[in-house]
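The values are calculated or read from the model by the stated rules, or taken from the named source; none is laboratory data. The structure presented is a predicted model; accordingly, all values stated were derived computationally and were not measured. Neighbour counts are summed over all protein chains in view; Cβ atoms, including those assigned to glycine, are modelled from backbone coordinates with ideal geometry.
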Amino acid sequence: PFDVLVVGGGPAGASAAIYAARKGIRTGIVAERFGGQVMDTVGIENFISVKYTEGPKLAASLEEHVKEYNVDVMKLQRAARLEKKDFIEVELENGAVLKSKTVILSTGARWRNIGVPGEAEFKNKGVAYCPHCDGPLFAGKRVAVIGGGNSGVEAAIDLAGIVSHVTVLEFNSELKADSVLQDRLYSLPNVSVVTNAQTKEITGTDKVNGISYIDRESGSEQHIELEGIFVQIGLVPNTDWLGDTVERTRMGEIVVNNHGATNVPGVFAAGDCTNSPYKQIIISMGSGANAALGAFDYLIRN
Ligand code: FAD
């Protein structure tokens, strides 16, 4: 059996595997796609101490760094089930069962897509998902935020300080965000809110030039000219496969304490799949290191 088995090969998993392996304990990492969301990122400007890098380059460095250590790397494998017996058992989709004294779950998350024409085509060409990452790219430009929940309204308030104008598009008849956020939003001079807006299409040529939506009250089609669109309709953790084995929030995020421990002894979690409030590369790496140290601490006490 492994001492530490990491499930997920994004920034959190890579960091956890390195921290575990550096303790000289038997470490494995299973990942469907090494690099995780980083593989879908073009420019990265907020990975501190690296002024600019690109996703695939950072993903390759993560893998190279992991391979410096004695880590059993199992790529292109999906975990399908977790069970606590004498050891913690992780069953893969191919039927293999891996046993370990501790497990670190770092299966990340994915942004929910709006699923309209133009979204996939203009990803990274005006369509963005992360205001902390891509907000500055739209300095002085016009953007829309799709989604009027807490994350959409937070994004709109954040972007309003950078861009020239923000339009919030909400499908329902009212915003769902907390009222304190709505008050702040409505106090800003360069924000407008459109409710009952069903996004129809993201338009553009080589990059985004606008968005079309149906006004659900009148049924009429409207078009707004702009340069950027932030889709904020939810970040979904990749945790369905865990079922009821590990405590998760209503949103499906794995609940961890400040040692990265879940409610199941020996099972730890890190990164975007957890209930950590902010989801970023640097935060995931820190949380992976934290969970690995938590797992090591657990091992020396049990
Ligand atoms: P992930 O990166 O999601 O990695 C999850 C890993 O788990 C992957 O290896 C995946 O294949 C694997 N996995 C999932 N399910 C299973 C399973 N059942 N079995 C086995 N393996 C599984 N952050 C920044 O800080 N700066 C940026 O500029 C930035 N830009 C972004 C741009 C885009 C388009 C996106 C999508 C995200 C961006 N982010 C950025 C956010 C950042 O990428 C994430 O916060 C970070 O990658 C989370 O790391 P993670 O290791 O927790 O999860």
_Return the residues of the range 82-109 that are more than 27 Å from the chain's Cα centre (by Cα) and either closer than 25 Å to GLN37 by Cα or part of a loop (DSSP other than H, G, I, E, B) (or both); say none if nothing qualifies._
LYS85, ASP86, PHE87, GLY95, ALA96
*Scan the range 27-60 for residues that are outside any helix (DSSP H, G or I), within 6 Å of the ligand (Cβ to nearest atom) and of a type in the set (S, T, N, Q) and jot them down.*
THR41, ASN46
*Kindly list, by first and then second residue, each pair from a residue in the range 149-162 that is polar (S, T, N, Q) to a residue that is crowded, with 18+ Cβ neighbours inside 10 Å, limited to pairs with Cβ atoms under 6 Å and residues at least 6 apart or on different chains.*
ASN150/ALA177; SER151/GLN232
*From VAL255, VAL231, VAL264, grab the single residue that is surrounded by 22 or more Cβ atoms within 10 Å (Cβ to Cβ) and either at pLDDT below 95 or among the hydrophobic types (A, V, I, L, M, F, W, C) (or both).*
VAL231
*Which of (1) touching a Ser or Thr at 6+ places or on another chain (Cβ under 8 Å); (2) closer than 21 Å to ASP240 by Cα does GLN37 not meet, given it meets every other one?*
(1)
*Check whether at least one residue in the range 10-26 is without any contact (Cβ under 8 Å) to a residue 60 or more places away in the chain, aliphatic (A, V, I, L, M) and within 6 Å of the ligand (Cβ to nearest atom), and report yes or no.*
no
*For THR27, are the conditions met, namely being closer than 19 Å to GLY8 by Cβ and either modelled with pLDDT of 95 or more or within 20 Å of the chain's Cα centre (by Cα) (or both)?*
yes
*How many residues does the range 264-302 contain that are over 20 Å from ILE25 (Cα atoms) and part of a loop (DSSP other than H, G, I, E, B)?*
7
*Restricting the search to the range 116-155, which residues are modelled with pLDDT of 95 or more, touching a Ser or Thr at 6+ places or on another chain (Cβ under 8 Å) and not in a loop (DSSP other than H, G, I, E, B)?*
ARG142, VAL143, ALA144, VAL145, ILE146
*Just checking, how many residues over the range 55-89 are without any contact (Cβ under 8 Å) to a residue 40 or more places away in the chain, under 16 Å from PHE2 (Cα atoms) and surrounded by 14 or more Cβ atoms within 10 Å (Cβ to Cβ)?*
1
